[in-house]
Amino acid sequence: MNIIIIILLAIAGIIALLLILALFMKKQHYVNREIIINAPLQKVFDFLRLLKNQDQFNKWATADKKNRKEEFKGTDGTVGFIYSWSGNKSAGQGEKEITNIIEGKRIETEIRFIKPMRVAASVIFETTPLSENQTKVNLVNTGTLKYPMNIMIPMAEKRFPKDMDESLAILKNILEQSSQ
């Protein structure tokens, strides 16, 4: 009986410690990754502005592709277009909406997850011409997690760069192959 009480107290102590740590942790995450693509700016921008194209390169959009249910509202590539999905545990459920487009420069979207938990973030693509046939693409993921969910920010900031770099490498491959 005493061992059960000790185990329960230890678990309660760990939970209390995590909750106290979360009080002092930042509540906003910000990850910025970039890649240089050997393709003209307009070609890169026109590809990125279509959310349906993200299924081809976005690591997160490819989760549970076989069983994923998708729905589209509006005109892809325009402000207000919404891409919704529902899938297994890895895909979760949510939607992504184009919230702003600055032609040739920036595509702003809001991603809203419903499952496995309710959370929202901004995902931004910025394009910068480096030459006639070379474009720098910045991918930014930023958002706020309220207490006590902010305890997950260090894990997210550690995992996101790898996934974002992987997605950008696939994007580069797609656009450079189609430029040849």
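The values are calculated or read from the model by the stated rules, or taken from the named source; none is laboratory data. Just so it is clear, the model here is predicted, and its values are computed rather than measured. We place every Cβ from the backbone using ideal geometry, glycine too, and count neighbours over all the protein chains shown. We work out accessible area using only protein heavy atoms, side chains counted, and drop any ligands, DNA or RNA first. Shrake-Rupley method; radii C 1.70, N 1.55, O 1.52, S 1.80 Å.
If you go through the stretch 19-45 and keep only what is of a type in the set (D, E, K, R), within 20 Å of the chain's Cα centre (by Cα) and surrounded by 14 or more Cβ atoms within 10 Å (Cβ to Cβ), you end up with Arg33, Glu34.
Looking at the stretch 49-68, which of its residues are under 18 Å from Phe160 (Cβ atoms) and open to solvent by less than 30 Å² (accessible area, probe 1.4 Å)?
Gln54, Phe57, Asn58, Ala61, Ala63
Of all residues in the stretch 114-129, exactly one satisfies the criterion of being farther than 18 Å from Val44 by Cα, of a type in the set (D, E, K, R) and part of a strand (DSSP E or B), namely Lys115. In the stretch 91-115, the residues that are over 16 Å from Asp76 (Cα atoms) and touching a residue at least 12 places away in the same chain (Cβ under 8 Å) form Cβ pairs under 9 Å with partners that are among the basic types (Lys, Arg) and open to solvent by less than 20 Å² (accessible area, probe 1.4 Å), at six or more places apart or across chains, as follows: Arg112/Lys96. Select, from Arg68, Arg118, Arg112, the only residue that is of a type outside the set (Gly, Ala, Ser) and more than 30 Å from Leu23 (Cβ to Cβ). Just a single option satisfies the conditions, and that option is Arg68. Of the strands (runs of 3 or more DSSP E) lying entirely inside the stretch 1-113, none contains at least 3 residues that are among the small types (Gly, Ala, Ser).
The residues of the stretch 137-164 that are open to solvent by 60 Å² or more (accessible area, probe 1.4 Å) and in contact (Cβ under 8 Å) with a residue 24 or more places away in the chain, listed by number, are Thr144, Lys146, Tyr147, Met149, Pro154. Determine which member of the set Asn32, Asn58, Asn38 is polar (S, T, N, Q), within 18 Å of Ala156 (Cα to Cα) and modelled with pLDDT of 95 or more. Sole residue among the options that is polar (S, T, N, Q), within 18 Å of Ala156 (Cα to Cα) and modelled with pLDDT of 95 or more: Asn32. Filtered by the rule that a residue be open to solvent by less than 30 Å² (accessible area, probe 1.4 Å) and modelled with pLDDT of 90 or more, the stretch 86-100 gives Gly94, Lys96, Ile98.
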